[in-house]
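Inspection log for the structure reproduced underneath, given as structure tokens.
What follows is calculated from the coordinates using simple rules that are stated; it is not laboratory data. Every value quoted in this text rests on a predicted model; they were computed, and no experiment measured them. Note that we place each Cβ from the backbone using ideal geometry, even for glycine, and neighbour counts take in every protein chain shown.
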Amino acid sequence: MIKIFRNIRRRLLAENRFSKYLFYAIGEIALVMVGILLALQVNNWHSKRKQASKELSYLKDIRTNLVDDINTINRVIAFNQQKTSVTDSMFGTLEATTQPSVYMPKVLNYMFTLTGYDAFDPNRTAFNNMVASENVDLISNMELRSKLSQYYKKDFQSTTQESVKMRTRQFGDYVASISFNRQSVRELVGYDSSLKDISVVTIHKDAKVYAYLFSMLMSTTSQTELLHEVRAETEDLIRLIDHEIQ
């Protein structure tokens with residue numbers, strides 16, 4: 001193609017047809033410019049297509065993490081519901097009888113649930129990978145980008161959820177220290193000990209037991225309310241991502 005253009009220029013110059021040569025030169029320049037613009041356009045199209053593919057990949061990975069978050073939230077809420085039910089049973093058992101030999105076997109059964117806790121922390125893997133690669137700007141939907149950033153900046157382990165851990169540990173440590181007795185140890189591990197007899201256990205009238213039990217119940221309820229809000233937020237993010245993927 002270049003050789004053909006060169007031959008045309010030589011012929012026009014040889015024939016001393018300068019005006020036609022000038023017209024031809026302008027046309028040749030315009031043709032080159034059009035070619036450059038087309039090349040840039042194709043390159044830009046390929047670049048946008050590559051970015052869109054990367055955005056889609058990140059969004060799919062983030063969506064997978066958010067689904068994991070929903071499952072974790074549901075697990076924690078289910079455990080809290082069980083713990084709340086056992087807490088109510090604990091209150092009822094301590095109020096139903098003043099005989100340690102009657103209520104202590106039930107209390108021991110409750111303790112496994114009452115001294116346990118679960119917490120939610122989002123799976124940040126996909127989002128952190130995107131941030132580390134400096135590709136957050138690939139998310140073209142500004143609302144989605146903003147909501148994802150806010151979601152992953154939150155410290156879910158502080159305040160309410162930390163309170164659940166602290167109250168649970170306080171309750172467990174205190175009740176264990178005042179309620180363990182010779183009969184309980186024998187039942188749990190099969191050993192005799194020099195601990196006090198079950199007949200002198202008085203947790204049914206210990207104000208601290210009720211206070212710790214109540215504060216643990218309140219913090220667990222607060223955590224459940226928080227997680228219901230977080231679940232709604234997570235589901236909203238999944239809907240936004242689904243809209244982008246479609």
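Figures for the structure shown
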{"item": "Enclosed volume per residue, in Å³, of the convex hull spanned by Cα atoms of the stretch 42-170", "result": "110"}
{"item": "Separation of the residue 52 and residue 242 label points, Cα + 7 Å toward Cβ, nm", "result": "2.3"}
{"item": "Amide H partners (placed H, <5 Å) of residue 141, local residues excluded", "result": "none"}
{"item": "Those chymotrypsin sites (Phe, Trp or Tyr not before Pro) in the stretch 144-199 that DSSP places in a loop and that have at most 13 other beta carbons within 10 Å", "result": "191"}
{"item": "Phi-based couplings in Hz for the stretch 57-69 (Karplus 6.51, -1.76, 1.60; Gly and Pro marked x)", "result": "5, 4, 5, 5, 5, 5, 4, 4, 5, 5, 5, 4, 4"}
{"item": "Note, ³J(HN,Hα) from phi for the stretch 93-106, Karplus 6.51, -1.76, 1.60, rounded to Hz, x at Gly and Pro", "result": "5, 5, 8, 6, 8, 9, 8, x, 5, 8, 8, 4, x, 5"}
{"item": "HN-Hα J in Hz across the stretch 199-209 - Karplus 6.51, -1.76, 1.60, θ = phi - 60°, x for Gly and Pro", "result": "5, 9, 5, 10, 5, 5, 10, 8, 4, 5, 4"}
{"item": "Label-point separation in nm, residue 115 to residue 150, each point 7 Å along Cα→Cβ", "result": "4.2"}
